[in-house]
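First comes the structure, then the notes that go with it.
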Amino acid sequence: MSNDFVEGWAILQTLGEGAYGEVQLIMNRSTEELVAVKVIDFEKHPEAKESVPKEVKIHKLLSNAHIIQCYGQRFDRNLGYIFLEYVPGGELFDRIEPDIGMPEADAQRYFTQLLSGVEYLHQHGIAHRDLKPENLLLDNNNNLKISDFGMATIFRISGRERLLDKQCGTLPYVAPEVILRPYMAEPADIWSCGIILVAMLCGELPWDKPSLKSKDFIAWKDGHYVSKTPWSKLNNVALSLIRRILVPLPSSRYTIAKIKNHRWYCKRLQKSGDLASVEVVQRSKRVRTCGGLLDDYDKDVFCLSQPNPVGLEDGDQVDSMHSDWCQSSNLYSFSQPVQMDDLLVSTQQLSTQTSGSQTSMQKLVRRMTRFFVTVDTEEAIKCLIKKLDDLEFSWKKNGSDMVTISTVDKRKCNLVFKATILKMEGDTLVDFRLSKGCGLEFKRCFLSIKKSLRRLIHSRECRIDDAMMC
């Protein structure tokens, strides 16, 4: 790609890389509007010719305040481009403190927004199938937006609902019936929302997989969980709701309508996290979207405009031909990038790329997994590697400014993340990002590394909040 993607639009940086290509951030030189562009090489990845159009068709027709917007697509010979809303607030998991979680009022706010987005999807016969904190992004106003529709599918057309058969998602978040299959779409997504709520309130996941091979899951299923973590961290009202969401039998699991009538969901939470007894959240029965109200929208026309699932007319289980387990961590995301490098643009770079306001361009992505150090880049690399050895992390140096770190988390799952050392206007920034594994476990490892390097961390590193974060 040249620096000018199209006339008037400049490429600022590669946001991330996936199995099928790169994700670029482009900016309108006149308005400074930012858009994420996914570039897919169909010559190198011919299998994407079938999966990408399906996802784009589903995603492009979605219009909701809590779903990343898809602006459209463009094809040029063997390259495909998908244009998506760019949100600078980072990922939800970045707000979750390992083993602690977040203030209960914040968790309630994000959970209600998540449920609003999922309800919209289900009303239109679409299941997400990979809901987790890493796939939930935040905008400038701290509002949640659902991303990554790579596993999304249609489960209802013209009032006809089908069972799903594809085992997909991320194991700690999937419902138990997804492992067994076939399964109903809506209860499976609702289960994932419940796990996300546990993660927000407790800062940990309850199990690595909801199966009878998991002692933690069996204890929950049999009701022997009262004194166990994470359940012991929850107050009675929150636990009451979660007990009704994380019901192993899908037919007995709370629906979205029942969740919205639960006391924990309806009551305003004080900043202290205690339940207030007065103010009830008023919610309109009409679903409001970016484009207006859905009351008079023809849901059947909407669904029929999606690609027909193969074999639907014959009543086949359309996902049975793709029954292998699919985890999104091993696939390329065709929505807003989940694991992305932050846009770290210096004043000098900005002046050469655009004549627009530098101040607005410096306020981009909020992330906690980075810090400034008081040494130069070469010394920072040496100190980092030494501390990685002390912590018994495996590592591999990639060039002069990057280290790939590998370990096994507390659930014996592989965890891979990268540390990039950047020189920024005379300062040295150490920036970490997740490549593979659980976001909460990644953050736990990051905090241990940061603690080991605390003597090198710049005492004024908080200025990054003033200069670059929203």
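Please state, as a whole number in µm²/s, the translational diffusion coefficient that the Stokes-Einstein equation yields for the range 371-413 at 10 °C and 1.306 mPa s, with Rh defined as the Kirkwood radius across alpha carbon pairs. Rounded to a whole number, D works out at 139 µm²/s. Heavy-atom accessible area, probed at 1.4 angstrom with all protein chains present, ranks Thr153, Thr170 as Thr170, Thr153, highest first. Ordered from highest to lowest accessible area with the whole protein assembly present and a 1.4 Å probe, His224, His66 read as His224, His66. Scaled to the globular estimate 2.2 N^0.38 Å, the Cα spread of the range 22-169, given as radius of gyration, is 1.14. Computed from the Cβ-Cβ distance with R0 of 35 Å, the FRET efficiency linking Asp409 to Arg263 stands at 0.50. Kirkwood Rh over Cα pairs of the range 110-187 into Stokes-Einstein at 20 °C, 1.002 mPa s: D in µm²/s? Rounded, D is 162 µm²/s. Relative contact order of the range 116-198, taken over Cα pairs closer than 8 Å and 6 or more residues apart, is 32 percent. Summing +1 for each Lys or Arg and -1 for each Asp or Glu, what net charge is found among the other residues whose Cβ lies under 10 Å from the Cβ of Tyr86? The answer is -3. Of the residues Lys436, Lys396, ranked by 1.4 Å probe accessible area with the largest first, the sequence reads Lys396, Lys436. Taking the Kirkwood radius as Rh and the Cα radius of gyration as Rg, the range 158-220 has a ratio of Rg/Rh equal to 1.02. Take Glu441: with every protein chain present and a 1.4 Å probe, its accessible area is about 20 Å². Remark on Ile67: its backbone amide H falls under 5 Å from those of Ile146, a criterion applied only to residues 5 or more positions apart or on other chains, H modelled at 1.01 Å from N.
Directionally averaged projected area (the range 389-436, Cα convex hull): 3.9 nm².
The values are calculated or read from the model by the stated rules, or taken from the named source; none is laboratory data. Just so it is clear, the structure is predicted and the values come from calculations on it, not from any experiment. Neighbour counts are summed over all protein chains in view; Cβ atoms, including those assigned to glycine, are modelled from backbone coordinates with ideal geometry. Just the protein is used for accessible areas: all its heavy atoms, side chains included, with ligands, DNA and RNA removed. Shrake-Rupley method; radii C 1.70, N 1.55, O 1.52, S 1.80 Å.
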